[in-house]
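Derivation of every value follows stated rules applied to the coordinates shown; laboratory data play no part. From a predicted model like this one, the values you see are computed outputs, not experimental measurements. All Cβ positions, even for glycine, are placed from backbone atoms using ideal geometry, and neighbour counts span all protein chains on display.
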Amino acid sequence: MGSTGTQPLGGTDGAVWDGAGYKNRFFYFIAQMDVNGCVCRIGDVSMSKRDDLTRELDVYIRRHLHRDSMSFGSIFDVLGGASMAGTPNMGGAKWALDFLLKKMELSFGEKLMELIEEKGRTPADVYNKAGVTRSTFSKIKAGNDYNPTKETALALAIALHLDLDETADLIKRAGYSLSHSSESDLIVEFFIGRGVYNIDEINYQLDFRGHKTLTNWRKSKDE
């Protein structure tokens, strides 16, 4: 590599320059490094900014990740008070009430459409930002007991710029929640909590750590 000019990096071989060497696991991108000023960019995220986010994310995961942290009490709550090991079964009425309340709640698709209207967005804008296909979005919108995958539900929440409470409320309607026993959930939580709604950057961090990306990885900008 010469001492002046810029060095284009990329193609489809997954090579990423991180300031000290190459890293794999990143595909279909265009990166450039100014060999004099050491300014690297991938898509719309500068390498220095990405490094800062990565370090912050590492600290966040170390502080909040709790593997196998579900206690007996939380298991009891999840099962709705079901009889366990001689424990009296007092959850029947609670289960019936929860079932009726759930039926009265908006479905995932209904709540999603309500949020799109509240946020002043269009359906096409949201599903395109999320990387969700039109056909999948149509199934969600139509309802008929169709629920998306957790990754798709989170991608739509991010595309709508929902905060953590709004995200939790939306994805629970599809039967999901964010858990501190899941590193991938913590990654998503980290970005939402900081108001960083760049799907590609979240997908990069998920893929870099060996997790499934939220949707098909493509370059986009959502600031």
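Could you work out the relative contact order of segment 108-223, using alpha carbon pairs under 8 angstrom and six or more residues apart, expressed as a whole percent?
Relative CO of segment 108-223 lands at 27 percent.
Output ³J(HN,Hα) for segment 201-213: one whole-Hz value per residue in order, computed from phi by the Karplus curve 6.51 cos²θ - 1.76 cosθ + 1.60 with θ = phi - 60°, and x for Gly and Pro.
5, 5, 4, 4, 5, 5, 5, 4, 9, x, 9, 5, 6
By how many nm would the segment from HIS161 to ASP125 grow when fully extended, if each residue of separation counts as 0.36 nm and the alpha-carbon distance is taken off?
11.7 nm
What ranking do 135-142, 59-66, 123-130 get when scored by the average of other Cβ atoms within 10 Å per residue, highest first?
So the peptides 135-142, 59-66, 123-130, ranked by packing, come out 123-130, 135-142, 59-66.
Rank these for me by crowding, PHE108, PHE190, going from fewest to most other beta carbons within 10 Å.
PHE190, PHE108
Could you give each residue of segment 118-131 its phi-based ³J(HN,Hα) in whole Hz, using Karplus coefficients 6.51, -1.76, 1.60 with θ = phi - 60°, and x for Gly or Pro?
4, 7, x, 9, 10, x, 4, 4, 5, 6, 5, 4, 6, x
Give me the distance in nm between label points sitting 7 Å out from Cα along the Cα-to-Cβ direction at SER135 and ARG209, one decimal.
The answer from the label model is 3.3 nm.
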